[in-house]
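For reference, the structure discussed in these notes is given below.
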Amino acid sequence: MLLYRYFILDFIAISFKEAFEELVQHFTKFDEQFEYGSKIPQMFLREWTQSKVWLLKLFTKVVNQLASGTAEEENTVLQSLLAVVDAEHSPNYSLLLLWASLANAVPITFWTLAFMLAHEHAWKKAKDDVAAVLGSGKEVTEDQLLKTPYLRWCIMEAIRLRSPGVVARRVIKPFTVKNYTIPAGDMVMVSPYWAHRNPKYFPDPDKFLPERWQSADLEKNIFLDGFIAFGGGRYQCPGRWFALMELHLFVAQFLQRFDCQLLSTVPELSPLHVVGTQQPTGPCHVKLTRL
Ligand code: HEM
């Protein structure tokens, strides 16, 4: 759905179902091998490279169309971001934006619902809050989301437990840490995944405990100390507030419309995904009932 809106809002001529499906196929291939594509020379990944080239060509068209001022919508996420990026890098940045948004937000949506389902108390509390605040209304306002903080805690807890394995930077100028000099050209990495398992900041770190977020000031966008799921500094995730809002909105509306029961255990996380948020190793079976 996000993929669809992304293009429709920017009024791209993907008006035929087949063309849209072709886009989905190329994006899926790009996403499946992203971990390898970022490390292995492209000549060894022919299909992945073909899909990347296809997507970059598409984004070159998108960017040109936006630059010509013919897009109907204004202030879409893509337009806002392109306003601050060099023209030369715009197609690559557009593809990065599409990948970074979907590859992180989609698995986190899954983990939030799965963790809540696996913790009866969390599922019930979240459902009760949604029923009390949203009722059966069709529209959801920002004010209503603010009145369901427990949902936001569940989302933050899912992000904490399934955040990216590494956030990396290439060293431009040598620097010294504890008597070690890190030379220019090296890569330095920090692991949000492991940082979030430090009991100094997160007691019982492996447990899903939404209540721990009560002491953060999420309304003022202040996280818990030690939480680094969105990276840091100049290049930290520019989509973080958007991500939290869309996740909150989706989970609230899901709980409003469906009841769910786990039919299998929640799958383990896959150790193959290091760059983006963790993905599950396999399917999770649920019984879904429309309310
Ligand atoms: C729960 C969801 C998300 C998580 C955990 C997440 C996490 C991250 C992390 C760790 C980075 C690297 C930051 C760094 O290098 O310091 C990043 C970068 C990025 N994210 Fe997110 N992200 C999420 C959702 C989104 C969404 C929804 C969007 C877009 C609407 C987005 C757009 C981006 C972009 C464009 C970058 C690259 C920034 C750059 O290199 O300049 N992310 N994200």
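Percent of alpha carbon pairs in region 105-290 separated by more than 23 Å? Working shown, then result.
Working: 8003 of 17205 pairs.
Considering region 105-290, 47 percent of its Cα-Cα pairs are separated by more than 23 Å.
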In the chain, which whole DSSP H runs stretch at least 20 Å along their own axis (Cα) and average -0.5 or higher on the Kyte-Doolittle scale?
-> 46-67, 90-118, 120-134, 240-257
Within the set Lys29/Lys52; Lys125/Lys200; Lys17/Lys138; Lys173/Lys200; Lys125/Lys220, which residue pairs have Cα atoms separated by over 20 Å?
-> Lys125/Lys200; Lys17/Lys138; Lys173/Lys200; Lys125/Lys220
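Using Cβ counts within 10 Å as a stand-in for footprinting exposure, how do Tyr93, Tyr36 rank, fewest first?
Values: Tyr93 19, Tyr36 12.
The order, fewest Cβ neighbours first, is Tyr36, Tyr93.
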Neighbour-count ranking for Ile228, Ile108 (other C-beta within 10 angstrom, fewest to most) reads Ile228, Ile108
Rh (Kirkwood, all Cα-Cα pairs) for region 2-102, Å, reads 14.1 Å
Under 18 Å Cα to Cα from Lys207, which aspartates and glutamates show up? Leave out anything in the same chain fewer than 8 places away.
-> Glu120, Glu157, Asp225, Glu268
For region 66-171, run through the GluC sites (Glu not before Pro) and keep only the ones in DSSP coil with at most 13 other Cβ atoms within 10 Å of their Cβ.
-> Glu72, Glu73, Glu74, Glu139
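In what order do Trp99, Trp111, Trp194 fall by count of nearby beta-carbon atoms within 10 Å, going from fewest to most? Please report the intermediate quantities before stating the final value.
Values: Trp99 17, Trp111 24, Trp194 12.
Lowest to highest Cβ neighbour count: Trp194, Trp99, Trp111.
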Of Ile40, Ile159, Ile182, the one that fluctuates the most in a GNM where the chain has Cα springs shorter than 10 Å | Ile182
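Values quoted throughout were computed directly from the atomic coordinates according to the rules given, and no laboratory measurement underlies them. All values reported here derive from a predicted model rather than from experimental measurement. All Cβ positions, even for glycine, are placed from backbone atoms using ideal geometry, and neighbour counts span all protein chains on display.
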